[in-house]
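A short worksheet on the structure shown next.
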Amino acid sequence: MKDEQGISDRGPARAAPRDSLFLLTSLSTVDGADLGKARIRNLSATGLMADCERAVPAGTRIALELRGIGKINGSVAWSRDDKIGVSFDEPIDPQLARKRVSTNGTSQMPDYLRAPLSPRTRR
């Protein structure tokens, strides 16, 4: 009996494999009303699970932006306190969200992460 309760607490069954990660995004309604920030905990081709700044009711139509993917629309499939599950309107490639951010096709590492160059010797 407890096992059955645990399964029902997890929300609806997932159709696609999930990829655990941490991404930050801002949520809004599809009409543009701000719903606050969210931390994406896992992502699949068909949806995501996120921790939100505030509760977002199930059934809410939302829009969000993910790096490497762009704007995504979907619906909140389930909501528990500050956690939500979102079902996307169209499938995405979740691996694009993991790709390194680049400029002009080349990866740019911030200066503070680069190893210092060895000093040149003077003659």
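Observations
- For the stretch 23-38, backbone phi angles converted through the Karplus equation (6.51, -1.76, 1.60; θ = phi - 60°) give residue-by-residue couplings of 10, 9, 8, 10, 9, 8, 6, 5, 8, x, 6, 5, 10, x, 8, 9 Hz, Gly and Pro being listed as x.
- Per-residue HN-Hα couplings for the stretch 68-83 [Karplus 6.51, -1.76, 1.60; θ = phi - 60°; Hz; x = Gly/Pro]: x, 10, x, 6, 10, 10, x, 10, 6, 7, 8, 8, 9, 6, 9, 9
- The residues packed around residue 23, meaning those with a beta-carbon under 10 Å from its beta-carbon, carry a net charge of +4 if Lys and Arg are +1 and Asp and Glu are -1.
- At an R0 of 22 angstrom, the distance between the Cβ atoms of residue 54 and residue 78 translates into a FRET efficiency of 0.90.
- Around the amide H of residue 55, modelled in the peptide plane, lies no amide H under 5 Å away from a residue 5 or more places distant or on another chain.
- Chain lengthening between residue 87 and residue 45 when straightened (0.36 nm per residue, less Cα-Cα): 14.2 nm
Where a number appears in this text, it was derived from the coordinates with a stated rule and is not lab data. Bear in mind that the values here come from a model prediction, so they are computed numbers and not experimental data. Quick reminder, even Gly has a Cβ in these numbers, built from the backbone with ideal geometry, and neighbours come from all protein chains shown.
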